[in-house]
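In what follows, a single structure is set out as structure tokens and then discussed.
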Amino acid sequence: MPSLFASYLRVYEPLTAFDRDRQSFWRRYVSEGRAVAPLDGPVRQRTAVIEALGAGWTRLPDLPDEAYVLETDETLLVCPWNLRIRVAEAALSARDGVPPVLADAFVPPVLAGQAKAVVEDWRSGARVLEHGVPRVHEQIATWGVPLRWFVLFDAAERRQVTAPDRRALRYRTDIAKSRRRASRALAVLRKTVGDVPITEAVEEAARWLEEFHPRSVVELDYGGLVDLLSDETLTADDSAELVAAGLTGLSNGEAEEASAAYDQLVARWRAVQLLERCN
């Protein structure tokens, strides 16, 4: 299966963020070599969700616990997949735009009700779901990178790989730094442009980060988007710098500079989004 054309915003939490049973589970998971590489994860996730949705449709399935893992000299950090919510979202999406008779045949009302409860708990900001799992550790965006994600990172945290057998682009930083950047961006946006969609989007990202352990690590991964971009385009991608420049322009009252940075960002990612319509 080809790479998914999506980007990912992930939070890796230290083991101390989990209860004792989960800590033991994740230690055993890593020691057994079961951790999944981010390069392989998206296809594994999609396959698991598709297979789960075909399993009788009588209840939301219990999916195996999987995760991405970061190991440092000091600690082990885990980004659980939380596939139960992915399956619930997929079940509800399968009913959208379908006549009731067909929707009920494909996704029975009982299952739809269970899925709706799981998704509503997550969206309401509930800290703990049915299985005691924290909020979703990974956000996914198809055919682009949301501009609000770049607010959380500095250009110096950018890492790029363009080897023949592996291409990747990611940002990674401490969650404390991401929280401070989101807070500063919110202050600037509220003061200069008010409660517009971009302000609300940054606020939503900031609230999401507050759900996690203070020693967590935040990662922005271009994922399958790198397959849409040449090495030269990846190297020249200065999206994080442009976001920072736009915020600085707003803060200093330099509207033209801020507008120029924003227009450049929108044009760049609009070109990527339009690739979805290519035959």
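For the chain, what does the helix formula give at 222 nm: sum of -39500 (n - 2.57) over DSSP H segments with n ≥ 4, over the residue count, nearest 500 deg cm²/dmol?
Numbers: 11 runs with 134 residues, N = 279.
Helices in the chain give a 222 nm mean residue ellipticity of -15000 deg cm²/dmol.
Which FRET efficiency, nearest 0.05, do VAL266 and THR72 yield, Cβ-Cβ r, R0 41 Å?
Values: r = 36 Å, r/R0 = 0.89.
Calculated value: 0.65.
Could you tell me the ratio Rg/Rh of the chain? Both radii from Cα atoms, Rh via Kirkwood.
Over the Cα atoms of the chain, Rg/Rh equals 0.97.
Measure nothing fancy, just the Cα-based angle from helix 175-192's long axis to the longest principal axis of the chain, in degrees from 0 to 90, nearest 10.
Compared with the principal axis, the helix lies near 60 degrees.
Test of understanding: in a Gaussian network model of the chain with alpha carbons linked when under 10 Å, which of VAL243, VAL196, VAL43 would top the mean-square fluctuation ranking?
Of VAL243, VAL196, VAL43, the most mobile in the Gaussian network model is VAL196.
Could I have the simple spin-label model distance between VAL110 and LEU92, label points 7 Å from Cα toward Cβ, reported in nm to one decimal?
Label-label distance for VAL110 and LEU92, simple model: 2.1 nm.
As an exercise, use a Förster radius of 25 Å and the Cβ-Cβ distance of ALA168 and GLU32 to find the FRET efficiency, rounded to the nearest 0.05.
Here the calculated transfer efficiency is 0.50.
Taking the 0 to 90 degree range and rounding to the nearest ten, how far is the long axis of helix 255-274 tilted relative to the main principal axis of the chain, both from C-alpha atoms?
For 255-274 against the chain, the angle is about 40 degrees.
SER216: net charge of surrounding residues, Cβ under 9 Å, Lys/Arg +1, Asp/Glu -1, itself excluded?
That sum, taken over residues with Cβ under 9 Å, equals -1.
Sorting check: for 255-262, 201-208, which peptide has the highest mean count of neighbouring beta carbons within 10 Å, and how do the rest follow?
Top of the packing list down: 201-208, 255-262.
Kindly express, to the nearest 10 degrees and within the range 0 to 90, the angle between helix 20-31's C-alpha long axis and the longest C-alpha principal axis of the chain.
Approximately 80 degrees, to the nearest ten.
Compute the accessible area per residue over the chain, keeping the other protein chains in place, probe 1.4 Å, unit Å².
53
Kindly rank 81-87, 213-219, 155-161 from highest to lowest mean number of other beta carbons found within 10 Å of each residue. Don't skip to the answer; put the middle values down first.
Values: 81-87: 21.4, 213-219: 19.7, 155-161: 13.3.
Put in order of decreasing packing, that is 81-87, 213-219, 155-161.
If you roll a 1.4 angstrom probe over the protein chains with everything in place, what fraction of the accessible area of the chain belongs to carbon and sulfur, to the nearest %?
Here carbon and sulfur together make up 52 percent of the probe-accessible area.
Normalised by the number of residues in the chain, what is the relative contact order in percent for Cα pairs under 8 Å and 6+ residues apart?
Relative contact order of the chain: 25 percent.
The values are calculated or read from the model by the stated rules, or taken from the named source; none is laboratory data. The structure presented is a predicted model; accordingly, all values stated were derived computationally and were not measured. Here Cβ is always computed from backbone atoms with ideal geometry, including for glycine, and neighbour counts include all displayed protein chains. SASA here: full protein model, heavy atoms, side chains in, ligands and nucleic acids out. Shrake-Rupley method; radii C 1.70, N 1.55, O 1.52, S 1.80 Å.
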